[in-house]
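Colleague: So that we are looking at the same thing, I have put the structure below in structure tokens.
The values are calculated or read from the model by the stated rules, or taken from the named source; none is laboratory data. Worth saying up front: this structure is predicted, and the values here are computed from it rather than measured. As a convention, Cβ positions derive from the backbone with ideal geometry for all residues, glycine included, and neighbour counts pool all protein chains shown. Keep in mind that these areas ignore ligands, DNA and RNA; they rest on the heavy atoms of the full protein, side chains included. Shrake-Rupley method; radii C 1.70, N 1.55, O 1.52, S 1.80 Å.
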Amino acid sequence: MDNTMRILALSILLLFLVALINFLHKVWWLPMRIQHLLFSQGIKGPPHRFLHGNTIEISEMRENFMNRKLQLSHDIFQTLQPHIYLWSKIYGKNFLHWPGAGAELVISEPELIKEMLYDRGQYFSRSEVDKYLKKILGEAIFTSEGEKWFKLRKLANQAFHAESLRNMIPAMVESVEGMLGRWKNYEGKEIDANEEFRVLSAEVISRTAFGSNYLEGQKIFHMLRKLAILSCKNSHKIRLPRISNIFKDRYDLEAEKLEKRIRDSVLEIVKKRQNTKTGEISFGEDFLGLHLRAHYNANGSDKISVQELIDQCKTFYTAGQGTTSILLSWTILLLAIHTDWQEKAREEVLELFGQQPPNSEGIGRLKTMSMIINESLRLYPPSVYTERKAKKGAKLGNFILPANMNVHVPILAIHHDPKIWGKDADIFDPERFSSGIAAATNNNPAAFLPFSLGPRTCVGADFATVEAKISLSMILQRYTFTLSPNYVHSPVQIVSLRPQHGVQVVINAL
Ligand code: HEM
């Protein structure tokens, strides 16, 4: 072997060694160090396994429990998250596990939850969202941090403050009217309430976000739904990062086309709001109008770009539509099973509104319905967890956390915890909310978190509850409903907690 060959072989060997050391550092040394750091502070958990962490154990446990046929029970925590159920019993309220590539600390202690969720960016940031979810949410309020988040959050708060919400009621009523108009053809028959509510909440968000341009808005949301389905399909594919940026497959190309069409359609609506002679824009008071004003009129740090405007539309559709329709689906299921509560809710609605459409004053007085909605959100929280990522030097209580570690708040587990809710934690009993949330939770804000807590709490919580109250009131005014024998109880977690096979109920006119 001559010298050149020898140098070449040595260089290859060196490169190989460096790559191997890097690899071992990432998959073995780093996890060992993190584990040691947390174990030495008293946080325990299942041991990290070389290469896969705990992913194999988690999927095996999930498979075992998923095969257990769920009768019509609300005891769903153990089935959906058996690993959290088991490990919190073995290792305590706070434990460390390895559900994917990295470490994750699960925290259930109220003081820690509050401390983390009320943090204003000092020690924690939003944890990274899937690549596929990012495509649907864009770079808007959900995925941003710091000044950009603050600017977009201010706008979103404005879009959903009490006065704006009051103005949205007629649009919500009109959308529910449309749905109930379709139900006339199904009287005495079965409907899939889950599918009905999907269509309804998409329409509500189109009307409220785009006002007079809601038909165009619906088209945009239709494209966003297609993009979401495409991104979902794509998310399971294994791809090499650099190569996939150069060679795009059919899905990538279609997604790109959709993104362009969405952008063009938003710009088209903007044009329609522009006076062709003077060039002035009549912004309007809806969600789009607010954002347009922030694009054209705002200065400095308050100004938003066209891309931010488009991404805000994407986020609100994605965050707002899925969750609200799921809340409605689980609530209808609970009322179809517990017909005594259905009757109580109907009595209240008829007393407040008779056969008139719900109004803002009456909506505020729907006490029984609020109790039912809270109990539905407790048993079937559409978001089963929330998460943050630790920044460098992050502290939580007395713990020091490694940078980039995810910290997970298990909302579903907390909502089903018998230590908080009593032995009947898995039973539907809206009565527990009869004196309000504070009394039901013993003044523990970390015990009931359907919309999370702190500065990043759900900005659409009131919007969702008002929409749910209007929809349920109008349904109860016209129909009784019972569970269809075709319903199969199979809650699944696909981003949100969904009824896998829909919610089939039989409706009868009053
Ligand atoms: C029942 C319905 C809903 C539930 C259960 C729900 C739940 C949540 C949760 C748990 C979070 C995460 C908070 C955190 O990071 O800790 C969140 C954030 C958010 N939600 Fe909702 N949501 C609902 C409806 C809506 C609606 C109707 C909209 C808008 C139309 C909306 C828009 C958002 C946005 C924009 C964020 C991000 C807020 C931020 O990062 O500042 N949500 N939601």
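Colleague: Looking at 159, 101, can you tell me which residue is open to solvent by less than 30 Å² (accessible area, probe 1.4 Å) and either small (Gly, Ala, Ser) or closer than 27 Å to residue 448 by Cβ (or both)? Don't jump to the end; show me each part of the working.
Modeller: Numbers: 101 fails: open to solvent by less than 30 Å² (accessible area, probe 1.4 Å).
So the residue among 159, 101 that is open to solvent by less than 30 Å² (accessible area, probe 1.4 Å) and either small (Gly, Ala, Ser) or closer than 27 Å to residue 448 by Cβ (or both) is 159.
Colleague: Tell me yes or no: at least one residue of segment 422-443 is more than 12 Å from the ligand (Cβ to nearest atom), part of a strand (DSSP E or B) and closer than 27 Å to residue 350 by Cβ.
Modeller: Filtering segment 422-443 down to residues more than 12 Å from the ligand (Cβ to nearest atom) leaves 422-443.
Within this subset, residues satisfying the condition of being part of a strand (DSSP E or B) are none.
Scanning segment 422-443, I find no residue that is more than 12 Å from the ligand (Cβ to nearest atom), part of a strand (DSSP E or B) and closer than 27 Å to residue 350 by Cβ, so the answer is no.
Colleague: Which of the residues spanning segment 306-320 are within 9 Å of the ligand (Cβ to nearest atom) and out of contact with any Leu (no Cβ under 9 Å at 6 or more places or on another chain)?
Modeller: Just the residues of segment 306-320 that are within 9 Å of the ligand (Cβ to nearest atom), to begin with: 312, 315-320.
Within segment 306-320, 316, 320 meet the criteria.
Colleague: Is it the case that residue 441 is hydroxyl-bearing (Ser, Thr, Tyr) and either farther than 30 Å from residue 162 by Cβ or surrounded by fewer than 18 Cβ atoms within 10 Å (Cβ to Cβ) (or both)? If you could, list the steps in order and put the result at the bottom.
Modeller: Details: hydroxyl-bearing (Ser, Thr, Tyr): yes; either farther than 30 Å from residue 162 by Cβ or surrounded by fewer than 18 Cβ atoms within 10 Å (Cβ to Cβ) (or both): no.
Here the answer is no, as residue 441 does not meet what is asked.
Colleague: With the checklist (1) at pLDDT below 90; (2) open to solvent by 10 Å² or more (accessible area, probe 1.4 Å) in hand, flag the one item residue 91 doesn't pass.
Modeller: Status for residue 91: all satisfied but (1).
Colleague: Let me ask you something else. So, of the residues in segment 459-490 that are within 24 Å of residue 77 (Cβ to Cβ), in contact (Cβ under 8 Å) with a residue 12 or more places away in the chain and within 16 Å of the ligand (Cβ to nearest atom), which turns out to be surrounded by the fewest Cβ atoms within 10 Å (Cβ to Cβ)?
Modeller: Across segment 459-490, the extreme among qualifying residues is 465.
Colleague: Please give the number of the condition residue 91 fails out of (1) under 20 Å from the mean Cα position of the chain (by Cα); (2) farther than 25 Å from residue 455 by Cα; (3) aromatic (Phe, Trp, Tyr).
Modeller: Of (1) under 20 Å from the mean Cα position of the chain (by Cα); (2) farther than 25 Å from residue 455 by Cα; (3) aromatic (Phe, Trp, Tyr), only one is false for residue 91: (1).
Colleague: Which residues, counting only those in segment 398-413, are more than 13 Å from the ligand (Cβ to nearest atom) and open to solvent by less than 10 Å² (accessible area, probe 1.4 Å)? Walk me through it before giving the result.
Modeller: Going through segment 398-413, the residues more than 13 Å from the ligand (Cβ to nearest atom) turn out to be 398-405, 413.
Hits for segment 398-413 are 401, 405.
Colleague: With the structure loaded, tell me whether residue 57 is part of a helix (DSSP H, G or I) and in contact with a His (Cβ under 9 Å, 6 or more places away or on another chain) or whether it fails that test. Lay out the reasoning, then the answer.
Modeller: Values: part of a helix (DSSP H, G or I): yes; in contact with a His (Cβ under 9 Å, 6 or more places away or on another chain): yes.
Yes; evaluated as a whole, the condition is true for this residue.
Colleague: What number of residues in segment 179-213 are away from the ligand (no atom under 16 Å from the Cβ), touching a helix residue (DSSP H, G or I) at 6+ places or on another chain (Cβ under 7 Å) and not polar (S, T, N, Q)?
Modeller: Applying the first criterion (away from the ligand (no atom under 16 Å from the Cβ)) to segment 179-213 yields 179-192, 195-196, 212-213.
Now drop any that are not touching a helix residue (DSSP H, G or I) at 6+ places or on another chain (Cβ under 7 Å), which leaves 179-180, 191, 196, 213.
Okay, now just the ones that are also not polar (S, T, N, Q), so 179-180, 191, 196.
Residues in segment 179-213 being away from the ligand (no atom under 16 Å from the Cβ), touching a helix residue (DSSP H, G or I) at 6+ places or on another chain (Cβ under 7 Å) and not polar (S, T, N, Q): 4 in total.
Colleague: While we're looking at this one, here's another question. Return a yes/no flag: does segment 447-456 have any residue that is within 21 Å of the chain's Cα centre (by Cα), open to solvent by less than 40 Å² (accessible area, probe 1.4 Å) and away from the ligand (no atom under 12 Å from the Cβ).
Modeller: Yes - at least one qualifying residue is present in segment 447-456.
Colleague: Which pairs turn up if I take residues in segment 423-440 that are closer than 9 Å to residue 374 by Cβ and look for partners that are open to solvent by 20 Å² or more (accessible area, probe 1.4 Å) and of a type in the set (D, E, K, R) with beta carbon separation below 9 Å, at least 6 apart in sequence or on another chain?
Modeller: If the second residue must be open to solvent by 20 Å² or more (accessible area, probe 1.4 Å) and of a type in the set (D, E, K, R), the pairs left are 430/344; 432/424; 440/432.
Colleague: So how many residues does segment 177-206 have that are in a helix (DSSP H, G or I) and open to solvent by less than 40 Å² (accessible area, probe 1.4 Å)? Reasoning before the result, please.
Modeller: Here is the first cut: in segment 177-206, the residues in a helix (DSSP H, G or I) are 177-186, 193-206.
Still in the running and open to solvent by less than 40 Å² (accessible area, probe 1.4 Å): 178-181, 183, 193-194, 196-197, 200-206.
Summing the residues that are in a helix (DSSP H, G or I) and open to solvent by less than 40 Å² (accessible area, probe 1.4 Å) in segment 177-206 gives 16.
Colleague: For segment 344-397, how many residues are part of a loop (DSSP other than H, G, I, E, B), open to solvent by 50 Å² or more (accessible area, probe 1.4 Å) and in contact (Cβ under 8 Å) with a residue 12 or more places away in the chain?
Modeller: 6
Colleague: Residue 258 - would you say it is modelled with pLDDT of 80 or more, open to solvent by less than 50 Å² (accessible area, probe 1.4 Å), within 30 Å of residue 331 (Cα to Cα) and assigned to a helix (DSSP H, G or I)? Explain how you work it out, then say what you get.
Modeller: Working: modelled with pLDDT of 80 or more: yes; open to solvent by less than 50 Å² (accessible area, probe 1.4 Å): yes; within 30 Å of residue 331 (Cα to Cα): no; assigned to a helix (DSSP H, G or I): yes.
For residue 258, the condition - modelled with pLDDT of 80 or more, open to solvent by less than 50 Å² (accessible area, probe 1.4 Å), within 30 Å of residue 331 (Cα to Cα) and assigned to a helix (DSSP H, G or I) - is not met.
Colleague: Here's a follow-up. Just one of the numbered conditions (1) within 19 Å of residue 206 (Cα to Cα); (2) outside any loop (DSSP other than H, G, I, E, B) is not true of residue 333; which one?
Modeller: Checking residue 333 against (1) within 19 Å of residue 206 (Cα to Cα); (2) outside any loop (DSSP other than H, G, I, E, B), the one that fails is (1).
Colleague: A further question on this structure: So residue 98 clears everything in (1) in contact (Cβ under 8 Å) with a residue 60 or more places away in the chain; (2) within 16 Å of the ligand (Cβ to nearest atom); (3) farther than 30 Å from residue 467 by Cα; (4) touching a Gly at 6+ places or on another chain (Cβ under 8 Å) except one condition, right? Which one?
Modeller: Single failed check for residue 98: (2).
Colleague: On the given criteria, is residue 118 within 13 Å of the ligand (Cβ to nearest atom), among the hydroxyl-bearing types (Ser, Thr, Tyr) and open to solvent by 70 Å² or more (accessible area, probe 1.4 Å)?
Modeller: Numbers: within 13 Å of the ligand (Cβ to nearest atom): yes; among the hydroxyl-bearing types (Ser, Thr, Tyr): yes; open to solvent by 70 Å² or more (accessible area, probe 1.4 Å): yes.
Yes: the conditions hold for residue 118.
Colleague: Shifting gears a bit: Which of the residues spanning segment 102-122 are in contact with an Asp or Glu (Cβ under 9 Å, 6 or more places away or on another chain) and either part of a strand (DSSP E or B) or not polar (S, T, N, Q) (or both)?
Modeller: Going residue by residue through segment 102-122, those that are in contact with an Asp or Glu (Cβ under 9 Å, 6 or more places away or on another chain) are 104, 108, 121.
Residues satisfying the conditions are 104, 121.
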